[in-house]
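The values are calculated or read from the model by the stated rules, or taken from the named source; none is laboratory data. All of these numbers come straight from a predicted model, not from anything done at the bench. Here the Cβ positions follow ideal geometry from the backbone for every residue, glycine too, while neighbour counts run over all protein chains shown. Calculation scope for accessible area: heavy atoms of the full protein, side chains included, ligands and nucleic acids excluded. Shrake-Rupley method; radii C 1.70, N 1.55, O 1.52, S 1.80 Å.
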Amino acid sequence: MNLSAIFGEALRALRQNRLRTGLTMLGMIIGVAAVVLMLSIGQGARTKINETIAAMGSNLLLVVPGATSSGGFSFGSGSVRTLTINDANAIAELSSVRSTAPVTSGTVQLNYTTKNWNTLITGTTPEYFDVGNWAMESGTAFTESEVRSAARVVVLGSITAKSLFGDEEPVGKTVRITNRPFLVVGVLMAKGQSLTGRDQDDNVFVPISTSERQITGNQFPGSIRYMLVQGASAEEMDLAEIEITQLLRQRHRIPNGKDNDFTVRNLTAIADVATDAAKVMSIVLGAIASVSLLVGGIGIMNIMLVSVTERTREIGIRMAIGANQRAILTQFLLEAMMICIMGGLIGLLIGIGGAWLVSQVADMLIVITLGMIGLAFLFSSAVGIFFGFYPAQKAASLKPVDALRYE
Amino acid sequence: MSSIQTTHSTQSLIQLEQLCKSYSLQDVHGQTITTQVLYHINLAIHQGEFVAIMGHSGSGKSTLMNILGCLDTPTSGSYWLSGKNVAALSSNELAQIRNRNIGFVFQGFNLLKRMTALDNVATPLLYAGISRSRSRKQALEFLRHTGLEDFAMHQPNQLSGGQQQRVAISRALINHPSLILADEPTGNLDSQTSNDIMQLFEKLNRDQGITIVLVTHEDDIAAYAKRLIHLKDGHVTIDKNNTGVTALHETF
Ligand SMILES: Nc1ncnc2c1ncn2[C@@H]1O[C@H](COP(=O)(O)OP(=O)(O)OP(=O)(O)O)[C@@H](O)[C@H]1O
Ligand SMILES: [Mg+2]
């Protein structure tokens, strides 16, 4: 008997037991749908984190004033003012460091025509945009000479720009910050949330000198809130951390045996932790979903075993009229596989639909890849073969006379 | 695989030598008890013969038929089918013999449920590797011969016993076997239908030279056969020409 004929026989058997076929398939459908849904959620989370990390910039170190606290790190509390712009400039000279960006910050009110908007203000240098991997939507960043001259220029975050200007082009317009006029030179491209969930697009950037002298003021001139350091390469990150520590201890005249008055953090390492967490999450989700696939597979095996017993006489008749063991084995295996593959395809569609629904309802990023679809398909046929083989083997190894006599 | 010879020769189609069959069962105490069903059967059946096997219930007729049909294996002794030692054949070869060379007709018809008469008759062709459409065409031809053309699309439960048995006979014949094994083919039929079926067998034997071995309890059915074999408690007690004189078998 050729394969297409056996396929026909298998299909006929499945059609004769529609309800049972459907119920068995349901196990498969749920299993595959769960796997697809979980994988797409996991993949979505990973993609989101990777995007955030890419947006953050590569090979980043964060240097904040104050000793390492036991509960992690904080963006320098106001009382500690041990880091200065000069420290940042000195660190920039290190061979393991590409560039540095000192940062001061505060909150301000912006006015444009009749609109006003409260937001964060960051005083920094042009390097900041490069180190932090910021792209310009329009205009340019402020320049080194504008920092030196403490010019009244401002770069707007995308949300801030939208809130004040709507559809109007902000570059070239003048906004008022604490009642002083500032020329808008650039608008940043949106970046979304940071790893810690903070919105990064509602803020404005001015030269650090302008901020210190004209806006926020500074009790300790030259001190900064924190600095971003970009290492020369991924391999030299550890070296950079050591060199920065040595340099700052020396500059701050910290005697041996005393604690640092600053903290160096490797942001890339933090990003790695987040990536790993997302990976673990998707593995756990996938594993949970796989259990339901396994249960579906066991259901198929159970039904196929019942089916073999129930159809023993049919098997006997088929053997008496010339079916060999391979024909019987193939028929039952095909029945199991058809349940699995059909269930798998339906499950796939439901999984994709579910993923879309989740992305709409929960506003989550859901990623479905061709690989996942292939995996679901492969997995469901593998389940079919694995759980269908034993019952099929059992059917094929029946002795014709015993099968025929079976009541 | 060569087919069974269809020409007359000195070689028998079926040759049984010292054939024994016993079953081992566990009794209520878990002990194995062996019951012997067939005792040292020696038997030769030639191509073209029409043989009726008779005997009391439990005498081993069906057991013998199952062995002849390569559905079961003997415990000892040998079975030569057209010169081939059946014990030496693989399960695939046996399946092929059942498919091509032997046609079965059972008392309970044994049609495949929820499948049309047409597909029932066509199935042996499918197992012979013939395409579904060609199989169906050929099956319809056979149903026409047995007068069942109008019932081709009926399922077994929509057919009378006699019709079912004729479908079963069509199925048995579709691969042009040289041997038909019929275990009480008329056991579930009334006498008129029984006679119709037997006339069909007689015609197949006479016109096509198909060897027929059938089991029956009824003398008027056995009367169609040319040779009578009596089984009693697993022994061949009588083996005679149906019109000739009774020849007592040597085993007693
Ligand atoms: N699978 C089996 N296991 C154990 N004993 C069996 C088995 N099959 C048949 N027998 C025994 O073999 C004996 C002969 O059975 P068989 O079916 O050949 O009888 P029979 O001559 O066909 O009878 P009937 O005319 O009632 O059909 C019986 O005693 C039966 O109990
Ligand atoms: Mg019997």
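A few notes on this one:
- Size of electric dipole in the protein assembly as shown: Cβ of Lys, Arg +1 and of Asp, Glu -1, about Cα centre, debye, nearest 20: 500 debye
- Apportionment of accessible area to carbon and sulfur, the stretch A:270-407, percent (1.4 Å): 74 percent
- Estimated translational diffusion coefficient (Stokes-Einstein, Kirkwood radius over Cα pairs, 10 °C, 1.306 mPa s) of the stretch A:98-230: 108 µm² per second.
- Sulfur and carbon atoms: percent of accessible area, the stretch A:98-230 [1.4 Å]: 49 percent
- When each of A:Lys399/B:Lys21; A:Lys394/B:Lys21; B:Lys21/B:Lys61; A:Lys399/B:Lys113; A:Lys48/A:Lys115 is checked by Cα-Cα distance, pairs over 23 Å: A:Lys394/B:Lys21; A:Lys48/A:Lys115
- Between chain A and chain B, the total buried accessible area stands at approximately 2300 Å², from heavy atoms with a 1.4 Å probe.
- Residues of the stretch A:311-328 that bury at least 40 Å² of accessible area when the other protein chains are present, relative to the chain alone (probe 1.4 Å, heavy atoms, ligands and nucleic acids excluded): A:Ile317, A:Arg318, A:Ala320, A:Ile321, A:Gly322, A:Asn324.
- With Rh defined as the Kirkwood radius, the inverse of the mean 1/r over Cα pairs, the Rg/Rh of the stretch A:17-68 is 1.48.
- Cα centroid separation, the stretch A:163-236 to the stretch A:275-295 (Å): 41 Å
- When the solvent-accessible area of chain B is split by element, carbon and sulfur atoms take up 49 percent of it, the probe being 1.4 Å.
- With each label modelled as a point 7 angstrom along the Cα→C-beta vector, the B:Ser22-B:Asp190 pair spans 4.7 nm.
- Label-point separation in nm, A:Asn260 to A:Glu235, each point 7 Å along Cα→Cβ: 2.4 nm
- Segment A:Glu51..A:Lys173, full-extension length gain: 40.7 nm, with 0.36 nm per residue of separation and the alpha-carbon distance subtracted.
- When each full DSSP H helix of chain B is screened for a Cα extent of at least 15 Å along its own axis and an average Kyte-Doolittle hydropathy of at least 0.0, the helices passing are B:117-127.
- Extreme residue, positive dipole direction of chain A, given options A:Met364, A:Thr268, A:Ile121 (C-beta unit charges): A:Met364
- Longest to shortest principal axis, alpha-carbon extents of chain B, angstrom: 51, 43, 43
- Average partner coverage of B:55-68, which counts Cβ from other chains inside 10 Å: 1
- Chain B - percent relative contact order, Cα under 8 Å, separation 6 or more: 25 percent
- Between the helical axis of A:3-16 and the longest alpha-carbon principal axis of chain A there is an angle of about 90 degrees.
- Exposure rule at most 13 other beta-carbon atoms within 10 Å, DSSP loop trypsin sites (Lys or Arg not before Pro): chain A longest free segment: A:1-197
- For the stretch A:175-285, the Kirkwood hydrodynamic radius from C-alpha pairs, put into Stokes-Einstein at 25 °C and a viscosity of 0.890 mPa s, yields a diffusion coefficient of 135 µm² per second.
- Label zone at A:Met189, where the point sits 7 Å out along the Cα-to-Cβ direction: the stretch A:111-133 residues whose backbone N lies under 11 Å: A:133
- Drop in accessible area of at least 20 Å² in the complex versus isolated chain, residues of the stretch A:373-406, 1.4 Å probe: A:Lys399, A:Pro400, A:Val401, A:Leu404, A:Arg405
- Accessible area per residue in Å² at 1.4 Å probe, computed on chain A: 47 Å²
- The Kirkwood hydrodynamic radius of the protein assembly as shown, based on inverse pair distances between different Cα atoms, is 32.6 Å.
- Counting only alpha carbon atoms, the long axis of helix A:267-310 and the longest principal axis of chain A meet at about 10°.
- Listed residue (B:Ala88, A:Ser233, A:Gly186) projecting farthest to the positive dipole end of the protein assembly as shown, Cβ model: A:Gly186
- Relative frequency of Cα-Cα separations exceeding 16 Å in the stretch B:152-211, percent: 45 percent
- B:Ala87 versus A:Leu349: modelled label distance in nm, points set 7 Å from Cα along the beta carbon direction: 5.8 nm
- Summarised as an ellipsoid, the stretch B:1-109 has semi-axes of 27, 16, 14 Å, derived from the eigenvalues of the Cα gyration tensor scaled by 5 and square-rooted, with the largest first.
- Contact order normalised by residue count of chain A, Cα under 8 Å, 6+ apart, percent: 30 percent
- In the stretch A:98-230, taking the dipole from charged Cβ atoms about the Cα centre, the farthest positive-side position among A:Ile159, A:Leu110, A:Thr196 is held by A:Leu110.
- Note on A:Met136 and A:Asn111: with the Förster distance fixed at 25 Å, the Cβ-Cβ geometry gives a FRET efficiency of about 0.60.
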